[in-house]
Amino acid sequence: MSTIAGEALAVAPERVRSGQQKISFSWMVWPAVAFVVLMMVFPLVYAAWISLQDASLGTEPRFVGIENYLNLASDPEFLNAFRVTWVLYGAALALQLALGTWLGIVLNGVRVARHLVRTIAITPFMMPPVVVGMMAIVLLDPSVGIVNWLLGTVGVPPLLWLASPRWVLLSVALVDTWQWAPFVGLIVLGGLQSLPASVFEAAEVDGVIGWRRFVYVTLPLLGPTLLTAAVLRSVDLLRFFDLVFIATRGGPGNASTTMNMYAYQQGFEFSRFGHASAAMLTLSAVVLCTVMVFARLRRAVSY
Amino acid sequence: MTPPAARRILGRLQVAAMLVAVLAPLAWMVLSSFKVSRDVMALPPRLIFTPTLDNYRELFLRTDFLHNTWNSLVVALGATLLGLVLGAPAAFAIAWHRTTWPATLTLFARMAPGTLFLLPWFILFSQVDLVGTYTVLILTHGAITVPVALWTLLPYFDALPRALIESAQMDGCRPHAILGRIALPLVAPGLVVAAILCFVFTWNYFLFALALSGFDTKTAIVASFNFIGEGVTNWGALMAAATMIALPPLVLALLVQRHLVSGLSSGAVKG
């Protein structure tokens, strides 16, 4: 590009001066693109290639086509992981959007120490998930955890939390909500502050206030903002890994083994590389489809 | 209709509820880290206790935690630098030429689960004997920092007046000088936000270091995860480790809190 620019300069300097011959910065993008291609795109393609083979530790890889994918579809463990992922996703997303909307409205009403309150709201999602998992282990311990003790003081019998096959997903969803509802709250706050004040004034003139104003005015206007938050959370929630790996190890049994957890176990604990890669690519497809559905929705509700 | 005074009190109560919900677990973590084992598990909880530094002493003197923290620091700083060096010029070029495909490419690549990259990385880096080195940890965490830096910086470069770049170019300024002497200094606040986000995300990320770090390069997060695995029932020490790991990202995040949320959500808003 620089030689072309040089020739143009030699031939018609006045054109350069008039700004028609634009300077090119294109090459500056190549180092980053090269990195992404080498470190991310190439491994992705490589994983896709592995997923078409019967590749395990210590055996000669053998091309088997889509057999790994077919095996996944009939593997009860994978189907369980699929179910776990969606149950956890549904519970956590619903909790986080609902609580996040509430938090956003509460934050929007803060007049005193506004800066401090927002700063505090940021802390949970800046913490490493490992730390959140460690806190959950200590706080939610069935026998000596303080949460059960606090519930006991108001007469609630002790709960098993992360140790209960039945409630583990809800417990994990609650812990993740502690960490991420404030994030949704701050996005909602941003959305609220970009809404025109005139709409709310008009609603007030018409006597639409309180709960009705929330349902008929605020919530519809927040639609695009909530969808943005939902996309961001969806990508993380469908790939749920850290918290279950730390706090439950996918257990008890396989009650909290998400697809990502399943793929990790297959690949790194059982060394079934082909099988694991197929599971990971299936998960990637799930994430991508979900994001695209939300993107479509967002375009539909944009005003 | 509720009278305004009642509504105000209701509002304050909601703020208080939010603050308690966020801060109580954190306070419990920090308090526990200063308690002897017996006090950590005591029920009803002991709010008044004799604070001790035993847990921290054990953490730093009896385990490799100090070295692990150093490893975390090296990896996080290295990956942050990598992210900025590659991400900043790319963001500038993308903002200037309005060719969005490289940004979209990084975004899509980011959507794949980390486990997907891990397996090929493990196989490929094993062949060149790099598994367990700082190099491999910094490179792999670049998969987080390059997209983060790129997407965080895009809006900042986008906001630069085009005339400024055009006039610099008319004065014979070369592209790299335009970037280095004009564009970068002007987006300095964005660089700070991007650097902090890169650092925090790398510091907090668990999976890559779990699978790719060696005994000497084990990061603080992986080390503290191993404490759980070893069935450490010394909750005081566990909470001391948790407090130490949580501290750097929290301090950094508070410095840029105002720009943080827009930085975090810009990827989705623009995509």
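No lab work stands behind these numbers, since they all come straight from the coordinates. This is a predicted model, so every value here is computed, not measured. Cβ atoms come from the backbone with ideal geometry, glycine included; neighbour counts cover every protein chain shown.
Tabulated results
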quantity	calculated
Distant-in-sequence amide H partners of A:Leu195 (H built 1.01 Å from N, under 5 Å)	none
Distant-in-sequence amide H partners of A:Gln53 (H built 1.01 Å from N, under 5 Å)	A:Val64
Summed side-chain charge close to A:Ala276 - residues other than A:Ala276 whose Cβ falls under 13 Å, Lys, Arg +1, Asp, Glu -1	-3
³J(HN,Hα) computed for each position of the stretch A:62-67 - Karplus, 6.51 cos²θ - 1.76 cosθ + 1.60, integer Hz, glycine/proline x	9, 6, 10, x, 8, 4
At 1.002 mPa s and 20 °C, Stokes D of the protein assembly as shown from Kirkwood alpha-carbon radius, µm² per second	83
Total charge dipole magnitude, chain B, about the Cα centre, Cβ charges on Lys, Arg, Asp, Glu only, Debye to nearest 20	880
Cα shape, chain B, gyration tensor, a/c 1.5 rule	oblate
Contour excess over end-to-end distance, with Cα ends at B:Arg181 and B:Leu124 and 0.36 nm allotted per residue	16.6 nm
Peptide-level mean, for B:203-209, of C-beta atoms on other protein chains within 10 Å	4
Average beta carbon contacts from partner chains per residue of B:11-22, 10 Å cutoff	5
Spin-label zone in the stretch A:83-104 - amide nitrogen under 13 Å from a point set 7 Å from the Cα of A:Ser194 along the C-beta vector	none
Peptide B:84-93 - average C-beta neighbours from other chains (10 Å radius)	5
Cα-centre dipole for the stretch A:26-127 with unit charges at Cβ (Lys and Arg positive, Asp and Glu negative), debye to 20	840
R0 of 51 Å, Cβ-Cβ distance A:Arg62-B:Thr100: FRET efficiency to nearest 0.05	0.80
Computed magnitude of the charge dipole of the stretch A:51-210 (debye, nearest 20; Cβ of K, R +1, Cβ of D, E -1)	480
Positive-end residue of A:Pro196, A:Phe63, A:Leu116, charge dipole of chain A with Cβ unit charges	A:Pro196
B:Leu13 paired with B:Leu43, simple spin-label distance in nm, labels 7 Å along Cα-to-beta-carbon	2.9
Likely footprinting exposure, B:Ser72, A:Ser164, fewest C-beta neighbours within 10 Å first	A:Ser164, B:Ser72
Positive minus negative residues near B:Val131 (Lys, Arg vs Asp, Glu; Cβ under 14 Å)	-1
Cα lying deepest toward the dipole's positive end in the protein assembly as shown, options B:His141, A:Asn148, A:Phe214, charges on Cβ	A:Phe214
Relative exposure of B:Ile245, A:Ile66, A:Ile122, A:Ile23, judged by other C-beta atoms within 10 Å (fewest first)	A:Ile66, A:Ile23, A:Ile122, B:Ile245
Two-decimal ratio, chain A, of alpha-carbon radius of gyration to 2.2 N^0.38 Å	1.32
FRET efficiency for B:Val251 and B:Leu53, using Cβ-Cβ distance with R0 set to 25 Å, rounded to 0.05	0.80
Projected label distance in nm at A:Ala202 and A:Ala94, using a 7 Å step from Cα toward the beta-carbon	3.4
